[in-house]
Amino acid sequence: MTLSLYEDFNYTLSRESLETRGEFQEAGEGKVSVGWEILVPPPGPDGVPYQLIFVGPTSEHRGCAVRLRLVDGQGAPVADDAEVMLETYYRTGSERTVMFQGRYGDFAAIADQQAPDAALAVQKRAEPGEDYVIRFGVTVPEGSPLPDPEADESYFELECVKLWWNETA
């Protein structure tokens with residue numbers, strides 16, 4: 001029996017979300033990484049911070065859905081062996097959590113990622129809060145066609161729980 005995706009999410013991050021800062025591109029060690037950078041929203045007008053929870057796998061579900069489609073500058077699909085990583089960390093780079101790591105081919109193999117329980121899922125729970133960065137990127141060998149996160153056909157969706165976090169003593 002295959003477990004279903006986590007169903008009690010209340011928010012979906014995408015490249016159109018207010019939290020999405022924009023695209024990034026980094027090169028080094030013979031590889032190039034491109035993707036999207038997302039920021040946890042700053043505290044609201046009342047000073048209360050937000051928190052995003054990416055629910056990981058449990059015995060009851062596979063975790064929050066992760067969807068991805070990327071094409072290169074010519075509109076061709078990204079190579080199946082491209083490395084995909086979804087991670088979060090504090091703005092200083094500390095407290096890094098890798099929530100998903102895999103190959104682009106795992107996403108490409110799903111004919112309809114919007115079909116019920118068809119999407120891949122977060123592999124590890126993370127709870128980024130104020131001043132945290134979320135990066136969703138794809139890494140290819142230098143010289144390979146570069147993924148184009150700005151292309152019309154490129155998109156991502158990350159289901160999560162968005163909380164307005166109010167602590168009381």
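Taken together, the values in this text are just the output of simple stated rules run on the coordinates, not laboratory data. Since we're looking at a predicted model, the values are computed, not measured. Neighbour counts run over all protein chains shown; Cβ positions are idealised from the backbone, glycine included.
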Classified through the alpha carbon gyration tensor (a ≥ b ≥ c as square roots of its eigenvalues; rounded if a/c is under 1.5, else prolate when a/b is larger than b/c, else oblate), the chain comes out oblate
Counting only DSSP loop positions in region 1-55, the trypsin sites (Lys or Arg not before Pro) whose Cβ has at most 11 other Cβ atoms within 10 Å are none
For region 73-119 the trypsin sites (Lys or Arg not before Pro) that pass both the DSSP coil test and the at-most-15 other-Cβ-within-10 Å test are R91, R96
The rounded separation in angstrom of the Cα centers of region 95-126 and region 4-76 is 11
For region 91-169, whose charge dipole is built from +1 on Lys and Arg Cβ atoms and -1 on Asp and Glu Cβ atoms, the candidate among F107, A119, G93 with its Cα farthest towards the positive end is G93
Per DSSP, the loop-located GluC sites (Glu not before Pro) within region 74-124 having at most 15 other beta carbons within 10 Å are E95
One finds, for E130 and T58 with R0 = 25 angstrom and r their Cβ-Cβ distance, a FRET efficiency to the nearest 0.05 of 0.45
GNM of the chain, Cα pairs under 10 angstrom: of S94, S14, S33, the biggest fluctuation goes to S94
Cα-only Rg/Rh for region 40-84 with Kirkwood Rh rounds to 1.20
If unit charges are put on Cβ atoms (+1 for Lys and Arg, -1 for Asp and Glu) and the dipole of region 13-164 is taken about its Cα centre, the option from L146, V66, S17 lying farthest towards the positive end turns out to be V66
Answer in debye to the nearest 20: the dipole magnitude of region 11-163 about its Cα centre, from +1 Lys/Arg and -1 Asp/Glu charges placed on Cβ, is 380
Per the helix-only model, the chain has a calculated mean residue ellipticity at 222 nm (DSSP H runs of ≥4, -39500 (n - 2.57) each, divided over all residues, rounded to the nearest 500) of -500 deg cm²/dmol
Connecting every pair of Cα atoms under 10 Å apart in the chain and solving the GNM, the largest mean-square fluctuation among P116, P45, P147 falls on P45
Quick note on T88, T139, ordering by fewest other C-beta atoms within 10 Å, gives T139, T88
